[in-house]
Amino acid sequence: MSSQINHVSVNAHDLEESVDFYVDLLGAEPIATPNFGLPVQWLALGRTQLHLFERDLQPTSHHHLGITVDDLEPVYRAAERRGAFDRKAFNNHLVELPGDVVQLYLRDPAGNLIEIDHYGADRLPEDIRAQLKGLWDFNPQSEEQMRGRLFVSDQLGTP
């Protein structure tokens with residue numbers, strides 16, 4: 001059996017505001033959406049969909065969605081303009097994992113945690129790279145743990 005995730009659904013307190021956030025940050029594209037009897041908007045995000053639904057719900061502290069980008073800088077700059085960085089969940093808004101993967105942690109307008117994944121710390125501009133902290137700076141890592149790899153590569157779609 002072959003499986004893959006085809007969409008992720010997250011809450012929005014203000015659907016229009018959340019749609020604007022994902023369009024601005026990630027270039028998500030609003031697509032035709034069926035009527036579910038509540039405010040919902042589907043967004044195309046590469047070959048996956050992000051479904052936003054408007055409800056008065058509070059997100060949890062660490063549940064998140066991870067999105068790979070081939071260029072972190074424009075996402076970083078848009079998040080910076082919006083004041084969207086999350087420095088609490090994982091101790092810093094920019095974290096380097098073993099295997100040269102950079103994670104940028106953000107909160108969307110409804111407070112959902114988003115992890116933006118990017119391959120190659122050396123590909124980041126100096127001002128962004130200066131804010132990067134290694135996961136090992138916060139949590140000791142064994143040799144085995146340092147071999148752990150997130151499925152992110154230097155080219156989207158090929159881990």
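The values are calculated or read from the model by the stated rules, or taken from the named source; none is laboratory data. Keep in mind that this is a model prediction, so the values were computed, not measured. Please note: Cβ atoms are built from the backbone with ideal geometry, for glycine as well, and neighbour counts cover all protein chains shown.
Between residues in region 9-29 that are modelled with pLDDT of 95 or more and residues that are among the polar types (S, T, N, Q) and in a loop (DSSP other than H, G, I, E, B), which pairs lie under 8 Å by C-beta distance while being six or more apart or on different chains?
Listed pairs, sorted by first residue: VAL10/ASN112; ASN11/ASN112.
Suppose we filter region 31-45 for residues that are surrounded by 14 or more Cβ atoms within 10 Å (Cβ to Cβ) and either in contact with a Lys or Arg (Cβ under 8 Å, 6 or more places away or on another chain) or not aliphatic (A, V, I, L, M) (or both); how many remain?
Qualifying residue count, region 31-45: 4.
Looking at (1) of a type in the set (Gly, Ala, Ser); (2) within 15 Å of VAL152 (Cα to Cα); (3) buried (at least 19 other Cβ atoms within 10 Å of the Cβ), find the lone condition where ALA110 falls short.
The failed condition is (2).
Just the residues that are surrounded by 10 or more Cβ atoms within 10 Å (Cβ to Cβ) and either within 14 Å of the chain's Cα centre (by Cα) or in a loop (DSSP other than H, G, I, E, B) (or both), please, taken from region 46-57.
GLY46, THR48, GLN49, LEU50, ARG55, LEU57
Residues ARG149, ARG107: which one is touching a Phe, Trp or Tyr at 6+ places or on another chain (Cβ under 9 Å) and charged (D, E, K, R)?
ARG107
Looking at region 1-14, which of its residues are surrounded by 10 or more Cβ atoms within 10 Å (Cβ to Cβ) and under 18 Å from the mean Cα position of the chain (by Cα)?
Matches in region 1-14: HIS7, VAL8, SER9, VAL10, ASN11, ALA12.
Confirm whether SER61 is at pLDDT 95 or above and hydroxyl-bearing (Ser, Thr, Tyr).
Judged against the criteria, SER61 is not a match.
Looking at region 84-107, which of its residues are under 25 Å from ASP56 (Cα atoms), surrounded by fewer than 19 Cβ atoms within 10 Å (Cβ to Cβ) and in contact with a Leu (Cβ under 8 Å, 6 or more places away or on another chain)?
Result: PHE85, ALA89.
Table: residues versus (1) touching a Cys at 6+ places or on another chain (Cβ under 7 Å); (2) modelled with pLDDT of 95 or more; (3) farther than 16 Å from PRO74 by Cα.
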| residue | (1), (2), (3) |
| --- | --- |
| LEU94 | no, yes, no |
| GLN103 | no, yes, no |
| LEU113 | no, yes, yes |
| ASP137 | no, yes, yes |
| PRO140 | no, yes, yes |
| LEU150 | no, no, yes |
| ASP154 | no, no, yes |
